[in-house]
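Q: Have a look at this one before I ask anything.
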Amino acid sequence: MKICVFGAGAIGGLMAARLAAKGETEVTVIARGPHLAAMQANGLKLISDGQETVVRPRCVASAAEAGRQDYVVITLKAPALAGAAAQMQPLIGEGTTIVSAVNGVPWWYFYKLAGPYEGRRVESVDPTGEVGRLLPPEKVLGCIIYPAAEVSEPGVIEHTYGDRFTLGEPDGSRSDRAMALSAALSAAGFKAPVRPKIRDEIWVKLWGNLAFNPLSALTTATLDVITGDAELRAVCRQMMLEAQAVAESLGVRFAIDVDKRIAGAAEVGAHKTSMLQDLERGRPMEVDALLGSVVELAGITEVPAPTCRTVLALLRTRARLAGCY
């Protein structure tokens, strides 16, 4: 089995390191800059549970060097996807599976979704349709990321917590390709269940991100402040309830209620969300994948989402003024 991680930062690096350490798959990582140079020179170091492991997956700068793959795992930030889709083409052959491990509402969301919106394009994440053309939905296997990790220095991944990558076919089937990848990830020490309703999983993760991330970027507050301040918590709760109504209109079912979801986020403590980190570092923010897409889906389904719309307008202006949008 040939697995390529495209965008081998923190999460991609974690996955690649564990897979390479197991040695049962041929692992290639595509990265750039000092991170790539360090991995090529010294290997990829993973620090997890107080233990250090150094592995040497194949590390290259371009898809052309990597060649055709059985699985291409995309762990990029959502804003980078449109520009990277063309670069990935040398990796993708007739039998290649594209593993979509990107935050937010994915470009393939309406593929094989039974109902009146089947086949529709999510314009906020794929404005021109180019992503869907270059990364065809029929090749896609959904993947939800739960671990937390960071690149502490070039070539070094520090794994903080979590070990689950939930997989799911857009049509809900337990396909051979999904089961094979699940087995490979499980052998590498991850939990990798194959779920029949991957969109439910997408929304459970997105549910918090669509509220906590934007409010953190607008206020610079950490997660403990957002969930602990009564006024900010109320804004979060309203955004999440609006989003829940949108998701449920599309057939999604939530296994927990909104207050339990907020309470779970509060337990994380003084954490800077990824969007706040991107803002502070001047990097593109996942505005449309995490909130713009939710507002778009609210419009499609004709579900009112006034708080989400207001926060999106503020967030887009904040991001533009910071050069992050």
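FYI, it's all coordinate maths here, none of it is from the lab. What you are looking at is a predicted structure, and each value in this text was computed from that prediction instead of being measured. With ideal geometry, Cβ positions are generated from the backbone for all residues, glycine too; neighbour counts draw on all protein chains shown.
Q: Taking the alpha-carbon centroid of each part, what is the distance from the range 51-87 to the range 199-272 in angstrom?
A: Value for the Cα centre distance between the two parts: 30 Å.
Q: Please find, in a Gaussian network model of the chain (springs between Cα atoms separated by less than 10 Å), the residue of VAL29, VAL303, VAL73 whose mean-square fluctuation is greatest.
A: Greatest mean-square fluctuation among the candidates belongs to VAL303.
Q: Could you work out the mean projected area of the convex hull around the alpha carbons of the range 185-238, in square nanometres to one decimal?
A: With every direction weighted equally, the projected area is 5.3 nm².
Q: Taking Cα atoms of the range 85-162, Rg/Rh with Kirkwood Rh, to two decimals?
A: 1.05
Q: Once you've got the GNM for the chain with C-alpha springs shorter than 10 Å, pick whichever of ASN213, ASN103, ASN42 has the biggest mean-square fluctuation.
A: Result: ASN42 has the largest fluctuation of those listed.
Q: Could you work out the per residue convex hull volume over the alpha carbons of the range 1-97, in cubic angstrom?
A: 96
Q: Rank the residues TRP207, TRP107 as a footprinting-exposure proxy: fewest other Cβ atoms within 10 Å of their Cβ go first.
A: Going from least to most buried by this count: TRP207, TRP107.
Q: In deg cm²/dmol and to the nearest 500, what is the mean residue ellipticity at 222 nm of the chain if only DSSP H runs of at least 4 residues count, each as -39500 (n - 2.57), divided by the residue total?
A: Taking each H run of at least 4 residues, the total per residue is -13000 deg cm²/dmol.
Q: So which aspartates and glutamates pass the test for LYS77, namely a Cα distance under 13 Å, with those fewer than 8 places away in the same chain ruled out?
A: Answer for LYS77, where 13 Å is the Cα cut-off: ASP278, GLU286, ASP288, listed by chain and number.
Q: Relative contact order for the chain using alpha-carbon pairs under 8 Å, separation at least 6, rounded to a whole percent?
A: Computed over the chain, the figure is 15 percent.
Q: Along its three principal axes, how long is the range 2-196 when you only count alpha carbons? Whole Å, largest extent first please.
A: In descending order, the Cα extents are 51, 30, 27 Å.
Q: What's the whole-number percent of alpha carbon pairs in the chain lying beyond 24 angstrom?
A: Summing the P(r) tail past 24 Å for the chain gives 53 percent.
Q: Taking a point 7 angstrom from the Cα of GLN51 along the C-beta vector, which residues in the range 181-207 have backbone N less than 11 Å away?
A: Answer for this model: 189.
Q: Output the relative contact order of the range 199-320, whole-number percent, from Cα pairs under 8 angstrom with separation of 6+ residues.
A: After rounding, I find 37 percent.
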